[in-house]
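Below: one structure, written as C-alpha cells.
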Amino acid sequence: MAAHTLGGPAAITQRAPWCEAGSLPVQHPMVKWHVASVCPVNLLCSLAMHVFSLPRLICRLCLILLLAPCLLLARPAWALTAVTLQLKWTHTFQFAGYYAAQIRGYYREAGLDVTLREAQPGDDPLRAVLSGRAEFGVGTSSLLLARHRGAPVVVLAVIFQHSPLVLLSKSGGPSAGIHDLLDKRVMLEPQSDELLAYLQQEGISSRRITWLAHSYRPTALLDPNVDAVSAYSINEPYYLDQAGLQYQTFTPRSAGIDFYGDNLFTREALLNDSPEMVRAFRTASLRGWQYAMAHPEEIIQWLVNTYPGRHPADFHRHEARRMAPLLRTDLVEVGYMNPGRWRHIADTYAELGLLPSQFSLKGFLYQTKPAIDWLWLGGALAVTAMIGGVALYIHRINRQLTRALATSQATLNALYASEARLRELNARDALTGLANRERLFEQLDALLGAPQAQLAVLFIDLDGFKAINDQFGHAAGDQLLRVMAERMRASLPARALLARLGGDEFVAVLPEAAHATEHAQQLLAALAAPLPTCECALSASIGMACAPTDGHDAQTLVQHADLAMYAAKRNGRNQLQRWPVAALARD
C-alpha cells in the first residue's frame, strides 16, 4: 500500500507492531502508524512490553482478563429491545418524564425502543402488564390490592408523592358534602380503590352508587347523564373552569388517606428474567422526569406539536404547575419511595377491611442495588498483575473507600433531613399550612395522655363559606380560607394547636380549659370582622367540648365538639355552644 506522506519528505513510514495487514496509515511527526484495523489486545500488549518489559504471553493473558467483561457485556449498537409502557390516561403533561426520556434519547442510550401507549376507554394498565401486552405500566396504590389477589406486580418507582386522584361532583343548592354522591351516577376509572376506601371511610356503601365506565374525556362531567367523575386534581378542573361549571372537589386526603400516585410498575417474571433491562428502563425514565420538571416548556411544545388539536399549551402549563407540589422534587428525588409510607398505605387498607392485617410487602417493592463494576474490577486486577503493584493498588482502593464512605454519610444525612421535611409537610394542610387531621389526632392523643390533662376542643365551621365559594370561584375561596386561618392563628394563644380538617372546618385545641370560652369569643369576633377585599359577610359557628368531663379520648372530644357546633348553627350561627348543653344529633 502506498504511503500517505503528511509530515514531509523526512517522515518515516512504519507499521506498528499491533497493526494488521491492510490497515490505513496515519502520519505521526516521527512515525506513521497504521490504525484503521488495530487489534486492541496487540496494541495494549505491545505497550505493556515496551513500558514494563513483560513477556508477551503474560501480557496477553492479563489483557484477556481485562477485556473479557467488555466482550461479555458488549452488544451491537443497533440491537434495541422493544418494550411498551401502558399509560393510565391520554397523552398529557401528566406523563412528561416518559416523553422527555423518549425525545432526549435516554431510552435509546439504554438500548431500548420504547412505545408509550395511551389509555383508551376500558383499558387497564394492570391487565395490560399481566397479559404481556405491555412490559411496564403506570398505576395507583391499587397495586397493593392486586398483589394481595395474587397478581405478581412489582412497583419500580413513585412519581407523585401525593396522589392527585379526587372525585368531582356537580354542585347546586345545599350540600351534604361527600354524601351528595348517594344514589348518583359516577364515572370511575380503573385502579381507583383509594377513592372507594375514601367512600367507605365516610360511611358510603358502593352499592348505593351507580358506577359508569370512564370515557377518559377531561370534560366528562359536562355530560348530563353523569353526576360525578373520578379525576385528577391537575387535569379536569381546567376544562370545567373554562366551561363555567359549578362543581365540588372531594379528596381522600381530607379523610387522612394520603397515598402515592402514578406508580411505575412491572411484572415479577420480567424483573427476574431481565433485571438489567428493567433497571435500564427505570433509570432512563427517572432521568427523563428530572429533565421534564426542569424544562417543562420544552415538553409542552412537543406535546402541542405532536398531538395538535388535543389540548392547548395553557392546559399543559396548568398541569405542570399543579404537579409540582405533588411530586415534591424540592424534597426528594423523582421516583423515591419510602417502605414505611407503603406500610402505612397497606395498614390503611387493612383498617378498612381491604387487606389483611400486616400484609407483607416482600417482593412488592423494587430493590435498587448498586451494580458491581466488573469492568473496573477486571481492569484493576489485570493492571495489578502486569505491574505487580499490589501495595499501590491497595492504597488506591483505600483512598476510594474513604471518599465513598464520606460521600455515603453525607448522602445518608441529606436523606434523613429530606425524610424529616417530608414527614413535616405530610402532617400539614397544603392550603393553609395548618396541621392536618392526622397530626391533630396524634397531638391531641398525646396531650390527653398527660396526667390530669384539662383541655378544650373547639370545632369551628365558617358560616356562609359555600355561597362565597360558589359566587367568586374556588381560587377566591382558597384565598379566603387562608385569611381565616391567619385570623384564627392570631386570636389563639401561642400554645394552642390549630388544624384544618377539610373544606371550611377547623379544630383548635386549648391546653388550658379555664379560659376556653374567652378565647372562643375572641375567635368569633375575629372571624366576623369585615374582609378588606370582599364586600361579603362571614362568621363562624363554634362547638366546644372539654376534657376530662366531656370525653377522655380524641375521637370522642372532636365528635362532641362537632355536635355542639351543629347546635350553634341551628340556633342562629355566629355563636358558641358547649357540650353537653347542645347534645343534639347532627342533621
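What follows draws every value from the coordinates through simple rules; no lab data is involved. What you see is a predicted model; the values in this text were computed from it and never measured. For neighbour counting, all protein chains shown are included, and Cβ atoms are generated from backbone atoms with ideal geometry for every residue, glycine included.
Listed values, structure above:
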| quantity | calculated |
| --- | --- |
| Order by protection proxy (mean Cβ within 10 Å, highest first), peptides 115-122, 201-208, 480-487, 89-96 | 89-96, 480-487, 115-122, 201-208 |
| Karplus-derived 3J(HN,Hα), 6.51/-1.76/1.60, for each residue of region 399-404, Hz, glycine and proline x | 5, 5, 5, 4, 5, 5 |
| Along principal axes, Cα extents of region 165-255, largest first, whole Å | 33, 31, 25 |
| Where GluC sites (Glu not before Pro) fall in DSSP loop in region 304-360, at most 16 other Cβ within 10 Å | 333 |
| Placed amide H near residue 119: partners under 5 Å, 5+ positions off or other chain | 87, 89, 90 |
| Relative contact order (%) - region 118-214, alpha-carbon pairs under 8 angstrom, separation at least six | 31 |
| Sequence-distant residues sharing a close amide H with residue 134 (under 5 Å, placed H) | 129 |
| Linear extension gain, residue 470 paired with residue 82, 0.36 nm per residue minus alpha-carbon span | 134.6 nm |
| Residue-wise HN-Hα coupling along region 305-317, computed from phi with Karplus coefficients 6.51, -1.76, 1.60 (Hz; x: Gly, Pro) | 6, 7, 10, x, x, 7, 9, x, 4, 4, 5, 5, 5 |
| For peptides 157-170, 444-457, sequence by mean Cβ density within 10 Å, most packed first | 157-170, 444-457 |
| Computed label-point distance, nm, for sites residue 127 and residue 183 using a 7 Å Cα→Cβ extension | 3.2 |
| Difference of contour (0.36 nm per residue) and Cα-Cα distance, residue 103 to residue 447 | 118.4 nm |
| Difference of contour (0.36 nm per residue) and Cα-Cα distance, residue 553 to residue 400 | 49.5 nm |
| Note, ³J(HN,Hα) from phi for region 476-481, Karplus 6.51, -1.76, 1.60, rounded to Hz, x at Gly and Pro | 5, x, 4, 5, 5, 4 |
| Amide H within-cut-off set for residue 434, under 5 Å, with H built and near neighbours excluded | 429 |
| Packing rank of 543-554, 490-501, where each peptide gets the mean count of other beta carbons within 10 Å, highest leading | 543-554, 490-501 |
